[in-house]
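Enquirer: Mind looking over this structure? Questions follow.
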Amino acid sequence: MAAPMKRGSNVALTREIPSLRGVVLGVKLVSAEPVLIDNLVVATILCDSSSKALSNEHFVFFNQLNSPELSVTQLARVVGEDTEQVEIDLSAVPTDVHRIVVVTYINEGNAVRRSLGQLREATVRVLNLADNTELVRSENLAPALKTETGLALGELYRHEGGWKFKVIGQGYANGIRAMAADFGVSL
Amino acid sequence: MNVAAPDNAPSRDDLPWLRRRTTRTPSRPNPPQRAAELDLSADSRTHTTTTAQASRPDQTHLAPSGSLDLSEQVPLLSAIQAGADPTSRRSDGRDRFGTTRTSNGLPTILTTKRPLVTLTRVQSGVGALTFKAVLSESVGDLRLGCAYQLVSGQSSVTQTSGPRATPRGSRRPVIFTSGERFEALTIDLAQSRELERLIVYAYSESGAALNWDGTLVVQTYGGARVELPLRRDPSAGVLVPLSLYNIDGEFVLRSEQSIIGGSIREATASFGFDRISWLNDHTPLI
């Protein structure tokens with residue numbers, strides 16, 4: 001297997017595999033702290049060319065498992081070893097979607113405060129939707145995190161008529177509020 | 001008809017649920033094109049042509065769907081597929097499907113004439129939803145509580161005079177009370193899928209008559225506000241200002257504004273919460 005991808009590195013998925021029709025983004029989050037794991041949410045945002053979500057319905061997470069045109073689907077129950085899996089049918093992605101960003105954040109629904117510094121592992125990998133084979137995998141993004149409560153893991157983006165995947169690994173001190181402002185999602 | 005073996009059969013890319021790796025509810029295809037050749041006298045040659053067209057990938061979404069097609073929902077679905085923005089609002093705060101949404105900046109005031117507001121799935125699933133009774137001292141010892149039913153079937157109440165969090169004993173409560181300056185109830189929206197419905201009620205801890213006044217404020221994580229007046233003639237009893245139903249992931253808030261002259265047990269039972277075991281009229285068993 002190839003070496004894990006570093007932060008900021010990218011790979012031209014459809015150029016390497018011209019037959020690629022769809023991918024699965026698998027996110028794995030591991031921590032010894034159960035309160036943190038309970039409140040971690042994975043979301044996928046379909047963004048236009050200016051990196052803003054097309055609408056609030058293009059914020060795919062556990063309470064909205066599909067984008068409106070069904071191109072992006074988060075599985076209610078994962079197939080395999082990931083914490084969450086998001087299936088993306090590349091040919092069904094609307095043409096005005098340029099980036100598909102997968103993020104994680106701590107839901108601050110109760111008084112308990114946690115941070116992503118307590119994560120032991122945070123990786124994102126890309127599988128071929130057709131046969132479940134792993135194409136690429138990111139390095140462990142967890143060691144660089146401290147007090148952040150949000151993390152942009154990786155993104156698929158259009159490039160010269162195809163799709164590339166990039167490992168982002170950028171933390172957000174202000175969690176989902178900061179990410180929602182960044183990606184134009186109105187909470 | 002030539003049926004290919006499973007090993008070398010061509011993959012079907014026209015059925016969205018087959019593209020996924022799990023069993024899933026089929027999405028509803030576009031309405032069938034009620035073409036002129038639907039007449040019963042059509043000979044087998046015409047039939048073959050239709051089938052051939054249907055198997056072309058660019059045509060398949062026009063193919064007649066199964067019997068699950070609910071035709072009255074089709075315009076709605078095709079409006080979404082046509083790329084219409086379902087979040088666009090008309091001037092009265094309703095979106096194009098007639099659903100009232102919260103608006104930015106302005107609070108949504110629920111009245112008997114305009115009793116409903118629907119939160120989006122993002123508003124119903126990110127952060128927390130807080131109910132707060134904003135009152136002056138003159139009202140009396142007003143306390144806030146809610147009767148809830150979870151998807152698991154579990155049903156009970158959460159209130160300031162106990163139990164203060166639910167499910168009781170859970171390290172991760174779905175609903176909990178917090179009283180700082182004002183009485184408040186909070187729903188942890190990371191668990192919004194657990195919640196089926198609830199009613200919010202206001203009561204006097206001592207059972208005395210209250211000078212009903214003030215406002216129940218519902219606040220989303222993003223800061224949108226829904227407000228309900230609590231103003232009434234002074235009386236004893238339990239006031240149910242609001243109900244909440246989780247409709248397919250969207251929280252629908254409804255102004256109820258009914259006062260029930262009796263106990264919390266009677267008030268919750270009158271809203272159909274009949275699966276709660278009680279210690280006495282004001283205290284549930286769990």
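The values are calculated or read from the model by the stated rules, or taken from the named source; none is laboratory data. Just so you know, these numbers come straight off a predicted model, no measurement behind them. Every residue, glycine among them, receives a Cβ derived from its backbone with ideal geometry; neighbour counts consider all protein chains shown.
Enquirer: Being more than 12 Å from B:Pro115 (Cα to Cα) and in contact (Cβ under 8 Å) with a residue 24 or more places away in the chain is true for just one of B:Arg254, B:Arg232. Which residue is that?
Expert: Sole residue among the options that is more than 12 Å from B:Pro115 (Cα to Cα) and in contact (Cβ under 8 Å) with a residue 24 or more places away in the chain: B:Arg232.
Enquirer: Residue check: is A:Thr83 among the β-branched types (Val, Ile, Thr), away from chain B (no Cβ under 11 Å) and surrounded by fewer than 16 Cβ atoms within 10 Å (Cβ to Cβ)? Explain how you work it out, then say what you get.
Expert: Numbers: among the β-branched types (Val, Ile, Thr): yes; away from chain B (no Cβ under 11 Å): yes; surrounded by fewer than 16 Cβ atoms within 10 Å (Cβ to Cβ): no.
In short, no.
Enquirer: Looking only at the stretch B:151-174, count how many residues are over 20 Å from B:Leu239 (Cα atoms), among the hydrophobic types (A, V, I, L, M, F, W, C) and buried (at least 17 other Cβ atoms within 10 Å of the Cβ).
Expert: First pass over the stretch B:151-174, keeping only residues over 20 Å from B:Leu239 (Cα atoms): B:151-154, B:165-174.
Now narrow it down to the ones that are among the hydrophobic types (A, V, I, L, M, F, W, C): B:151, B:165, B:174.
Okay, now just the ones that are also buried (at least 17 other Cβ atoms within 10 Å of the Cβ), so B:165, B:174.
Of the residues in the stretch B:151-174, 2 are over 20 Å from B:Leu239 (Cα atoms), among the hydrophobic types (A, V, I, L, M, F, W, C) and buried (at least 17 other Cβ atoms within 10 Å of the Cβ).
Enquirer: OK, next. Give just the number: which of (1) facing another protein chain (nearest Cβ under 9 Å); (2) assigned to a loop (DSSP other than H, G, I, E, B); (3) in contact (Cβ under 8 Å) with a residue 24 or more places away in the chain; (4) under 23 Å from B:Gln191 (Cα atoms) does A:Pro94 not satisfy?
Expert: (4)
Enquirer: Something else about it: Starting from the stretch A:158-184, take each residue that is on the phi > 0 side of the Ramachandran plot and surrounded by 17 or more Cβ atoms within 10 Å (Cβ to Cβ) and list its partners that are part of a strand (DSSP E or B) and of a type in the set (A, V, I, L, M), counting only C-beta distances under 9 angstrom and pairs at least six apart or across chains.
Expert: Correct list of pairs: A:Gly169/A:Ala122; A:Gly169/A:Val124; A:Gly169/A:Leu151; A:Gly169/A:Ala152; A:Gly169/A:Leu153; A:Gly175/A:Ile106; A:Gly184/A:Ile45; A:Gly184/A:Ala53.
Enquirer: Are there any pairs, at least 6 apart or on different chains, whose C-beta atoms fall under 8 Å, with the first in the stretch A:1-24 and among the basic types (Lys, Arg) and the second part of a loop (DSSP other than H, G, I, E, B), and if so, which?
Expert: A:Lys6/A:Glu139; A:Arg7/A:Glu139; A:Arg7/A:Leu141; A:Arg21/A:Leu129; A:Arg21/A:Ala130; A:Arg21/B:Asp13
Enquirer: Something else now. Restrict the check to the stretch B:66-88 and report whether at least one residue is within 14 Å of chain A (Cβ to nearest Cβ), touching a strand residue (DSSP E or B) at 6+ places or on another chain (Cβ under 9 Å) and either in a strand (DSSP E or B) or modelled with pLDDT of 80 or more (or both).
Expert: There is no residue in the stretch B:66-88 that is within 14 Å of chain A (Cβ to nearest Cβ), touching a strand residue (DSSP E or B) at 6+ places or on another chain (Cβ under 9 Å) and either in a strand (DSSP E or B) or modelled with pLDDT of 80 or more (or both).
Enquirer: Give me the pairs: first residue in the stretch A:139-157 and closer than 29 Å to A:Ser91 by Cα and without any contact (Cβ under 8 Å) to a residue 60 or more places away in the chain, second residue assigned to a strand (DSSP E or B) and small (Gly, Ala, Ser), beta-carbon distance under 7 Å, and six or more apart or on different chains, which are they?
Expert: Listed by first residue and then by second, the contacts come to A:Leu151/A:Ala122; A:Leu151/A:Gly171.
Enquirer: Still on this structure, I have one more. Yes or no: the stretch A:115-128 includes at least one residue that is in contact with a strand residue (DSSP E or B) (Cβ under 7 Å, 6 or more places away or on another chain) and assigned to a loop (DSSP other than H, G, I, E, B).
Expert: No: the stretch A:115-128 contains no residue that is in contact with a strand residue (DSSP E or B) (Cβ under 7 Å, 6 or more places away or on another chain) and assigned to a loop (DSSP other than H, G, I, E, B).
Enquirer: In this structure, does B:Thr177 turn out to be at pLDDT 85 or above, within 19 Å of B:Thr268 (Cα to Cα), within 14 Å of chain A (Cβ to nearest Cβ) and crowded, with 17+ Cβ neighbours inside 10 Å?
Expert: Numbers: at pLDDT 85 or above: yes; within 19 Å of B:Thr268 (Cα to Cα): yes; within 14 Å of chain A (Cβ to nearest Cβ): yes; crowded, with 17+ Cβ neighbours inside 10 Å: yes.
So B:Thr177 fits the description; yes.
Enquirer: Before we move on, is A:Glu155 touching a Lys or Arg at 6+ places or on another chain (Cβ under 7 Å) and on the phi < 0 side of the Ramachandran plot?
Expert: Answer is yes for this residue.
Enquirer: In the stretch A:129-156, which residues are in a strand (DSSP E or B) and surrounded by fewer than 19 Cβ atoms within 10 Å (Cβ to Cβ)?
Expert: Result: A:Glu134, A:Leu135.
Enquirer: Looking at (1) closer than 29 Å to A:Ala32 by Cβ; (2) in a loop (DSSP other than H, G, I, E, B); (3) small (Gly, Ala, Ser), which is the one condition that is false for A:Ser51?
Expert: With respect to (1) closer than 29 Å to A:Ala32 by Cβ; (2) in a loop (DSSP other than H, G, I, E, B); (3) small (Gly, Ala, Ser), A:Ser51 is out only on (1).
Enquirer: Now a separate question. Restricting attention to the stretch A:56-69, does a residue exist that is assigned to a loop (DSSP other than H, G, I, E, B) and away from chain B (no Cβ under 12 Å)?
Expert: Residues of the stretch A:56-69 that are assigned to a loop (DSSP other than H, G, I, E, B), as a first pass: A:62-63, A:65, A:67-69.
Next, from what is left, pick out any that are away from chain B (no Cβ under 12 Å): none.
No, because not a single residue in the stretch A:56-69 is assigned to a loop (DSSP other than H, G, I, E, B) and away from chain B (no Cβ under 12 Å).
Enquirer: State the number of residues belonging to the stretch B:166-202 that are within 21 Å of the chain's Cα centre (by Cα), part of a loop (DSSP other than H, G, I, E, B) and more than 28 Å from B:Ile259 (Cβ to Cβ).
Expert: 2
Enquirer: (1) part of a strand (DSSP E or B); (2) more than 12 Å from chain A (Cβ to nearest Cβ): which one isn't true of B:Pro163, the others all being true?
Expert: Looking at each condition in turn, B:Pro163 falls short on (1).
Enquirer: Still on this structure: Which residue is farthest from the other protein chains (Cβ to nearest Cβ), if the candidates are limited to the stretch A:134-169 and must be under 15 Å from A:Thr44 (Cα atoms) and of a type outside the set (A, V, I, L, M)?
Expert: A:Lys166
Enquirer: Is there a residue in the stretch B:224-243 that is of a type in the set (Val, Ile, Thr) and out of contact with any helix residue (DSSP H, G or I) (no Cβ under 7 Å at 6 or more places or on another chain)? Please lay out each step first, then the result.
Expert: Kept after step one, since they are of a type in the set (Val, Ile, Thr), are these residues of the stretch B:224-243: B:226, B:238, B:240.
Adding the requirement that they be out of contact with any helix residue (DSSP H, G or I) (no Cβ under 7 Å at 6 or more places or on another chain) leaves B:226.
Yes, some residue in the stretch B:224-243 is of a type in the set (Val, Ile, Thr) and out of contact with any helix residue (DSSP H, G or I) (no Cβ under 7 Å at 6 or more places or on another chain).
Enquirer: Any chance the stretch B:190-209 includes a residue that's closer than 26 Å to A:Ser186 by Cβ, in contact with a Pro (Cβ under 8 Å, 6 or more places away or on another chain), modelled with pLDDT of 90 or more and not aliphatic (A, V, I, L, M)?
Expert: No, the conditions are met nowhere in the stretch B:190-209.
Enquirer: Only one of (1) touching a helix residue (DSSP H, G or I) at 6+ places or on another chain (Cβ under 8 Å); (2) more than 14 Å from chain B (Cβ to nearest Cβ); (3) buried (at least 19 other Cβ atoms within 10 Å of the Cβ) fails for A:Val23. Which number is that?
Expert: (2)
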